[in-house]
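Here is the structure we will look at.
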Amino acid sequence: MPGEALTRLVEIMARLRGPGGCPWDREQTFDTIKSYLLEETYEVIDAIDRRDWRELAGELGDLQLQVVFFSQMASERNLFGIDDVLERISSKLIRRHPHVFGDESAATSGDVLKRWNELKAEERAPQPLLDGVSRSMPALLEAYQLSSRASQVGFDWPRFDDLLDKLAEELGELAEARCQGDPAHVEDEVGDLLFMMVNIARFLKFDPELALRKTNRKFRERFAHVEQGLAERGKTLPQANIEEMEELWQQAKNR
């Protein structure tokens, strides 16, 4: 049963952190293991992208360990325990889904998201709209969250063609900044261009982080084909010219 498995994991973590436990585990703090939380999250995403379901089960276990690890450290300081974590998320899910657990209705996922954010706002003290977006998350995800929050209150382009016009405008401003030769200005315009691309992905209902990860994986595979093709010709990358590499790149692209 899931409850028994979770209890066992919690007991194992308590022993690792307790007297006579693991020296490494006992030395860890909230600050020293938070980087592992991010690392495990990306490994979960990678397993999903590769459709490696066996690996995904293991990566989800590693991610669950982080939750238990943080909860154990908090329990040792009498801050909260794993029961509090589970109770809070269970209560939140029930509270934020009144169309399932209450008498409200929601016809579309858009209705659900709108009501979720309304309930979230009611639960918190009034604050500027974008203050709820963490500044510590990766910049691409932060941009996605910022633009998503703004769009939910109507601050958005009405048509996709409007985004393309804005993209052309940002490209023109980047070209102009380069002509002026001001590195700081060029950097600003590059940032604006990237932010615009995030908005395009969001408008088309794609997560830009996941889209870029897929492109990164595709680039790895195609470049590996280029490298392998050159090796078969008795050449290394520094020995090849751009025409040879482009030929092999197109081969990889057309496979």
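Within the option set SER134, SER90, SER147, being exposed (fewer than 12 other Cβ atoms within 10 Å of the Cβ), among the small types (Gly, Ala, Ser), free of Cβ contacts under 8 Å to residues at least 60 places away in the same chain and not in a loop (DSSP other than H, G, I, E, B) holds for one residue only, SER90.
When ASP84 is tested against (1) open to solvent by less than 60 Å² (accessible area, probe 1.4 Å); (2) in contact with a helix residue (DSSP H, G or I) (Cβ under 9 Å, 6 or more places away or on another chain), exactly one condition is not met: (1). Scanning segment 217-245 for residues being surrounded by 11 or more Cβ atoms within 10 Å (Cβ to Cβ) and polar (S, T, N, Q) gives a total of 1. Here is a check on your reading of the model: is ASP161 surrounded by 11 or more Cβ atoms within 10 Å (Cβ to Cβ), on the phi < 0 side of the Ramachandran plot and charged (D, E, K, R)? No, not satisfied. Of the residues making up segment 93-119, those that are within 16 Å of ARG149 (Cβ to Cβ) and open to solvent by less than 80 Å² (accessible area, probe 1.4 Å) are GLY110, ARG115, TRP116, ASN117, GLU118, LEU119.
When GLU122 is tested against (1) out of contact with any helix residue (DSSP H, G or I) (no Cβ under 6 Å at 6 or more places or on another chain); (2) more than 25 Å from SER148 (Cα to Cα), just one condition goes unmet, and that condition is (2).
In segment 206-228 there is at least one residue matching the filter, namely being out of contact with any strand residue (DSSP E or B) (no Cβ under 6 Å at 6 or more places or on another chain) and not in a helix (DSSP H, G or I). Looking at segment 1-77, the helices (runs of 4 or more DSSP H) lying wholly inside it that each contain 1 or more residues that are at pLDDT below 95 and open to solvent by less than 80 Å² (accessible area, probe 1.4 Å) sit at 2-17, 30-49.
The values are calculated or read from the model by the stated rules, or taken from the named source; none is laboratory data. What you see is a predicted model; the values in this text were computed from it and never measured. In this analysis, Cβ positions are derived from the backbone assuming ideal geometry, glycine residues included, and neighbour counts consider all displayed protein chains. When the accessible area is computed, the model is the full protein with side chains, heavy atoms only, and any ligands, DNA or RNA have been set aside. Shrake-Rupley method; radii C 1.70, N 1.55, O 1.52, S 1.80 Å.
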